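Quick notes on the structure that follows.
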Amino acid sequence: MKRCAIYTRTATPDSYPCESQREVCMVFAERQGWAILVEQFDDPLCSGIAGDRAALSRLLERVRAG
C-alpha cells in the first residue's frame, strides 16, 4: 500500500483554509487506497515565496528519513 503525507499552506487569511485543503486531499488519497500519515504538515499564513516553511521542512525531513 502506498503512503502519503498531506501538506497545506495558506498565504492570506482569505485563502482556502488548511483544514479544507486537508479534507479534499484526504478524500482523494482514500479513493486511491493510500495510507495517510496522521501527522499534519500545515503552513498557515506563509507566503509562497517564503524560503522558511516549517511544516514543509518537517515533511521533507520525514521523507529523507524514510
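Details
- Apportionment of accessible area to carbon and sulfur, the chain, percent (1.4 Å): 56
- Cut-off 13 Å between beta-carbons: net charge of the residues surrounding residue 28, Lys and Arg +1, Asp and Glu -1: +1
- Against the main long axis of the alpha-carbon atoms of the chain, helix 54-65 sits at an angle near 30°.
- Cα-centre dipole for the chain with unit charges at Cβ (Lys and Arg positive, Asp and Glu negative), debye to 20: 360
- Probing with 1.4 Å while keeping every protein chain in the model, the per residue accessible area of the chain equals 73 Å².
- Extension gain for residue 31 to residue 45 (0.36 nm times residue separation, less C-alpha to C-alpha distance): 2.1 nm.
- Prolate/oblate/rounded call for the chain, Cα gyration tensor, a/c under 1.5 rounded: oblate
The values are calculated or read from the model by the stated rules, or taken from the named source; none is laboratory data. If you're wondering where the values come from, they're calculated on a predicted model, not measured in any experiment. Quick reminder, even Gly has a Cβ in these numbers, built from the backbone with ideal geometry, and neighbours come from all protein chains shown. For accessibility, only protein heavy atoms count, side chains too; no ligands or nucleic acids. Shrake-Rupley method; radii C 1.70, N 1.55, O 1.52, S 1.80 Å.
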